[in-house]
Amino acid sequence: MKRFLLLLVAFVAIVAVVLYFRRVARPDVPFAKHSTPAMDFARLEHTLPLSVEDRMTLQPQHMATLTQEEVDQIYGRLTAGPIPDGAFDGDLVFPRGADGETRLGEIIPGRLKARFANFAVRKTEFLGRTLWKGKVFYRQARLLRNRIDDLSVLKPILGDNTAGIEKISVAGKDAYLLFPAKLYCGQSLLDGRRESVIIDYSFTDELPGYRAEPDSLGGRDGLRIRDEIRMVRPGFYLGRAYLNRIFGLNFTLYNAQQADAGAADFRAGKVAEDCWVGTQRAQR
């Protein structure tokens, strides 16, 4: 009986993960066909620009329905927008191929091995989504902290030494603030035509709120994480995470209040840009 219950719980969990990725319809925005070599973003933006209404229809959950090339096509047609301020809810999106499976599954030989690899990555994605709740931007100070929901996963590093870790409450839910980073405008590692907002963990040990454990994991002596983000529309940013300049995954950041407050100005073409937008202006 006990074994049956464990199997039932596992089955329900797997179904829940599968339904999460399949319940959202693909966004109705233009994409170019798959290209080899790499996508020319200048040509893409000229021939298939993302209109304001296209961007207004995009939702964070749409990104999980797209291939990595399609996510890249969206990112390449965006500008950085303003450097964010305040708390944003976050979600992770691992790169996926044309069949909807993770890229890891594409490079492992054998159908069975690929399926197991994909399942492992999806479990990792689900775990990351459960633990990481987003980011808090301190625009004036050009600093950022990450919202972590549960410290138990970090216990092997932290032990019982959790005293002094700052907390924040967003929409009535508490989270811990860890992994500080610097904020600035800089060149995108994907699309060098214009800048992105850079979230840089290289000098995390020099920032307020830093704790050697676990914050050093993301810094220059750890994974050397560098994120970059661009604005889809007010309150909604699309991000890319790099580990030692190697692309790892996508993520979304969303603030519902800012999305509502900025919609009218965005539709009217009033968009603040803190970073260099390049010579090719995105369509408004």
- request: Provide a single number: the residues in the stretch 227-260 that are surrounded by fewer than 21 Cβ atoms within 10 Å (Cβ to Cβ) and farther than 14 Å from Met63 by Cα.
  value: 13
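Quick one: in the stretch 167-191, of everything that is out of contact with any Ser or Thr (no Cβ under 9 Å at 6 or more places or on another chain) and closer than 23 Å to Arg220 by Cβ, which residue is surrounded by the fewest Cβ atoms within 10 Å (Cβ to Cβ)? Walk me through how you get there before you give the answer.
So the first thing to find is which residues in the stretch 167-191 are out of contact with any Ser or Thr (no Cβ under 9 Å at 6 or more places or on another chain), and the list is 167-174, 177-178, 183-184, 191.
Next, from what is left, pick out any that are closer than 23 Å to Arg220 by Cβ: 177-178, 183-184.
On the way: Leu177: 18, Leu178: 23, Leu183: 21, Tyr184: 13.
Checked the stretch 167-191; the qualifying residue surrounded by the fewest Cβ atoms within 10 Å (Cβ to Cβ) is Tyr184.
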- prompt: Are any residues in the stretch 73-93 over 13 Å from Ala272 (Cα atoms), out of contact with any Ser or Thr (no Cβ under 8 Å at 6 or more places or on another chain) and β-branched (Val, Ile, Thr), and if so, which ones?
  reply: Ile74
field: Filter result (surrounded by fewer than 22 Cβ atoms within 10 Å (Cβ to Cβ) and among the polar types (S, T, N, Q)) within the stretch 58-78
entry: Gln59, Gln61, Thr65, Thr67, Gln68
- request: Starting from the stretch 230-243, keep only residues that are more than 14 Å from Val52 (Cβ to Cβ) and in contact (Cβ under 8 Å) with a residue 24 or more places away in the chain, then list their pairs with residues that are small (Gly, Ala, Ser) and in a strand (DSSP E or B) whose Cβ atoms are within a distance under 6 Å, requiring at least 6 positions of separation or different chains.
  value: Arg230/Ser196
message: Tell me yes or no: at least one residue of the stretch 51-69 is modelled with pLDDT of 95 or more, touching a Phe, Trp or Tyr at 6+ places or on another chain (Cβ under 7 Å), more than 24 Å from Ala264 (Cα to Cα) and part of a helix (DSSP H, G or I).
response: no
- request: Could you identify the single residue in Ala175, Ala181, Ala163, Ala141 that is over 22 Å from Pro214 (Cα atoms) and either over 17 Å from the mean Cα position of the chain (by Cα) or modelled with pLDDT of 95 or more (or both)?
  value: Ala141
field: Search result, residues across the stretch 25-44 that are under 19 Å from Arg194 (Cβ atoms) and either part of a loop (DSSP other than H, G, I, E, B) or modelled with pLDDT under 90 (or both)
entry: Ala32, Ala38, Met39, Asp40
- prompt: Are any residues in the stretch 154-166 loosely packed, with under 10 Cβ neighbours inside 10 Å and not in a loop (DSSP other than H, G, I, E, B), and if so, which ones?
  reply: Pro156
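Scan the stretch 142-153 residue by residue and report those that are part of a loop (DSSP other than H, G, I, E, B) and touching a strand residue (DSSP E or B) at 6+ places or on another chain (Cβ under 6 Å).
Within the stretch 142-153, Arg142, Asp149 meet the criteria.
The values are calculated or read from the model by the stated rules, or taken from the named source; none is laboratory data. Computed from a predicted model, the values in this text were never measured in an experiment. Backbone-built Cβ (ideal geometry, glycine too); neighbour counts: all protein chains shown.
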